[in-house]
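Notes follow the structure.
The values are calculated or read from the model by the stated rules, or taken from the named source; none is laboratory data. This is a predicted model, so every value here is computed, not measured. Cβ atoms come from the backbone with ideal geometry, glycine included; neighbour counts cover every protein chain shown. Side chains included, ligands, DNA and RNA excluded: accessible areas come from the protein's heavy atoms. Shrake-Rupley method; radii C 1.70, N 1.55, O 1.52, S 1.80 Å.
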Amino acid sequence: MIAYLLEIRHGGSFFGGPSASVDVHYGAIPYELTHPGKHCELISQQTLAGVEETVACQGQAGVTGTPAPQPATLETVVTAMFLHGSFLHIFGNMIFLAIFGPTVEDAIGRGRFLAFYLVGGLVALAAQVAVDPGSTGPTLGASGAIAAVLGGYILLYPRARVLTLVFIVFFVTIIEVPAVLLLGFWFAEQVFLGLEGLAGAGGIGSSEGVAYFAHIGGFAFGLLVIRLLVRRAKPDPPSHAMIPA
């Protein structure tokens, strides 16, 4: 949350999120990661529809000049994990982290959890870059790292159940759902939407700025490595968690 307040201080609004220039400056851009020494910058160009902002990168056809000073590309790999596109973006991420994170942290320990979270975020970014190495759109958010936490949770506690708040028109009710079903459905949705993005015109495995393959990569990482980090042979089952649907 502190990082979010700092990023909107340089441009943007509390609910709308940071400005596009902040996203490009501190977000992780796949093109920069796959073209060492090349940097991207937000520019304005005249089109038939008027003046529009776009991202231009060194080495692209027709792009000349030198971009303004900016953080090192490898630095943005880390800063991107703590940036969010809007208040709803960070709020949604924090709900999932608050519900599932403490349980996983208790099972593996605070230090290991921090390392697991950060490496999970890096693996998630790598998965998205591998799918779309030439993308000039900045990737930002903790979704990939949180996906690793979800993957770890579902493997450690396959029998856990989640109290889910469900809105039906004007009515609100609470139902008990197996965590494996809820998170399994979420993962299947990411795979479907990611593949749909690959099959689309853009062919980038993302839609409306959502990096679905980062979610897939982070989740898979959590599933694969969480058992190596558990301090106890068999973690105690968690109490019920509440999550909106």
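Over the heavy atoms of Arg227, what accessible area does a 1.4 Å probe trace out, to the nearest 10 Å²? Its heavy atoms expose roughly 120 Å² to the probe.
When ranked by the protection proxy of mean other Cβ atoms within 10 Å per residue, highest first, what sequence do the peptides 11-18, 82-89 form?
82-89, 11-18
For the chain, a Kirkwood hydrodynamic radius built from all Cα pairs, placed in the Stokes-Einstein relation at 4 °C and 1.567 mPa s, yields a translational diffusion coefficient of 67 µm²/s.
Please give me, ordered by residue number, the chymotrypsin sites (Phe, Trp or Tyr not before Pro) of the range 130-190 that lie in loop per DSSP and have at most 16 other Cβ atoms within 10 Å. The partial results should precede the final answer.
Numbers: sites: Tyr153, Phe167, Phe170, Phe171, Phe185, Trp186, Phe187; in loops: Phe170.
Qualifying residues, ordered by number: Phe170.
Backbone amide hydrogens, once placed in the peptide plane, bring Gly12 within less than 5 Å of Ser19, excluding anything fewer than 5 places away on its chain.
Working from label points 7 Å from Cα in the Cα-to-Cβ sense, the Ala115 to Ala72 distance is 2.2 nm.
In summary, the helical segments of the chain meeting the span-like criteria, namely a full DSSP H run, a Cα extent along the axis of 18 angstrom or more and a mean Kyte-Doolittle hydropathy of at least 1.0, are 87-108, 110-131, 143-156, 179-199, 212-229.
Per the Kirkwood formula on distinct C-alpha pairs, the Rh of the range 51-135 is how many angstrom? Write out the running numbers ahead of the final one.
Working: mean 1/r = 0.0623 Å⁻¹.
Radius from the Kirkwood sum: 16.1 Å.
Using θ = phi - 60° in the Karplus curve 6.51 cos²θ - 1.76 cosθ + 1.60, the 3J(HN,Hα) couplings for the range 55-65 round to 9, 10, 10, 4, x, 6, 4, x, 9, 10, x Hz; x is entered for Gly and Pro. Once both labels are positioned 7 Å from their Cα atoms along Cα-to-Cβ, the gap between Val51 and Leu229 label points is 4.7 nm.
Roll a 1.4 angstrom probe over the protein heavy atoms and tell me the percent of accessible area of the range 57-184 that is carbon or sulfur. Taking all protein chains in place, the range 57-184 shows 71 percent carbon and sulfur surface. Which of the three applies to the range 22-99, rounded, prolate or oblate, going by the alpha-carbon gyration tensor with a ≥ b ≥ c and a/c under 1.5 meaning rounded? In terms of gyration-tensor shape, oblate.
The sum of -39500 (n - 2.57) across all DSSP H runs of n ≥ 4, divided by the residue count of the chain, sets its helix-only mean residue ellipticity at 222 nm to -16500 deg cm²/dmol.
Note down the relative contact order for the chain as a percent, whole number, built from C-alpha pairs under 8 angstrom at least six residues apart.
Values: 418 pairs, mean separation 53.0, N = 245.
The normalised contact order for the chain reaches 22 percent.
Computing FRET efficiency as 1/(1 + (r/R0)^6) for Leu165 and Ser13, where r is the C-beta to C-beta distance and R0 is 30 Å, gives about 0.60.
Per residue, the convex hull spanned by the alpha carbons of the range 94-182 comes to 132 Å³.
Probe of 1.4 angstrom, ligands and nucleic acids ignored: what's the accessible area per residue over the chain, in square angstrom? Present the calculation step by step, with values, prior to reporting the outcome.
Details: 12930 Å² over 245 residues.
Each residue of the chain exposes 53 Å² on average to a 1.4 Å probe.
Kirkwood hydrodynamic radius, computed over distinct alpha-carbon pairs, for the range 16-67: how many Å, to one decimal? Could the numbers behind the result be given before it?
On the way: mean 1/r = 0.0828 Å⁻¹.
Averaging 1/r across every pair of different Cα atoms and inverting gives 12.1 Å.
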